[in-house]
Amino acid sequence: MLASMVRSLRTEPDTAILFSALLPTWKLIDEALLVAAVDVLSDATVTVNSRIAMTLTVASQISNGMFVVYWDRITSGEMNCGIGLTGTPADRVGAQPSEAVVRSAASRLRAVVDSPLTPPPVRNAADCTLGELEARLKIPD
């Protein structure tokens, strides 16, 4: 049900609504949530704010709820990573993302980062998250 809700946020530009809707996805680890968030993040027809917000869910999914991306840093226009750790792991676990799904997510994030059509804040958010994902998978730059 949460994965369906994530997909429904494709046209939402309001960050307050996005944060409120996505909050439950940051403390529940589930493969379907990871796939849904990457689907939305990878779609160039989705609002910029929704695409950026999906990096928060992806970050949570790949770090057991510990890794966060800071909105103000990734939307500043500078290519820098606004990242941190919550110190609090996810409190609910559904279907753990398989290695194949995590590798697919990394590949899809790489395509977002490498696309010249990706808006800079989306690219930065995806790149920050991708760096953590590749480190988890031990993929060299």
Pairs under 7 Å by beta carbon, first residue closer than 8 Å to A37 by Cα and modelled with pLDDT of 85 or more in the range 50-65, partner among the β-branched types (V, I, T) and not in a helix (DSSP H, G or I), six or more apart or different chains? T55/V69
In the range 1-45, which residues are buried (at least 21 other Cβ atoms within 10 Å of the Cβ) and not in a helix (DSSP H, G or I)? I29
If you scan the range 11-49, which residues turn out to be closer than 19 Å to M1 by Cα, at pLDDT 90 or above and among the β-branched types (V, I, T)? T11, I17, V35, V38, V40
Going by the conditions given, is T86 touching a strand residue (DSSP E or B) at 6+ places or on another chain (Cβ under 6 Å) and modelled with pLDDT under 80? yes
For V113, all conditions in the list (1) modelled with pLDDT of 85 or more; (2) under 12 Å from the mean Cα position of the chain (by Cα) hold save one; what is the number of the exception? (2)
Among the residues of the range 108-122, count how many are in a helix (DSSP H, G or I) and either surrounded by 14 or more Cβ atoms within 10 Å (Cβ to Cβ) or touching a Leu at 6+ places or on another chain (Cβ under 7 Å) (or both). 8
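The values are calculated or read from the model by the stated rules, or taken from the named source; none is laboratory data. The model shown is predicted, which means the values in this text are computed figures rather than measured ones. Note that each Cβ is placed from the backbone with ideal geometry, even for glycine, and that neighbours are counted across all protein chains shown.
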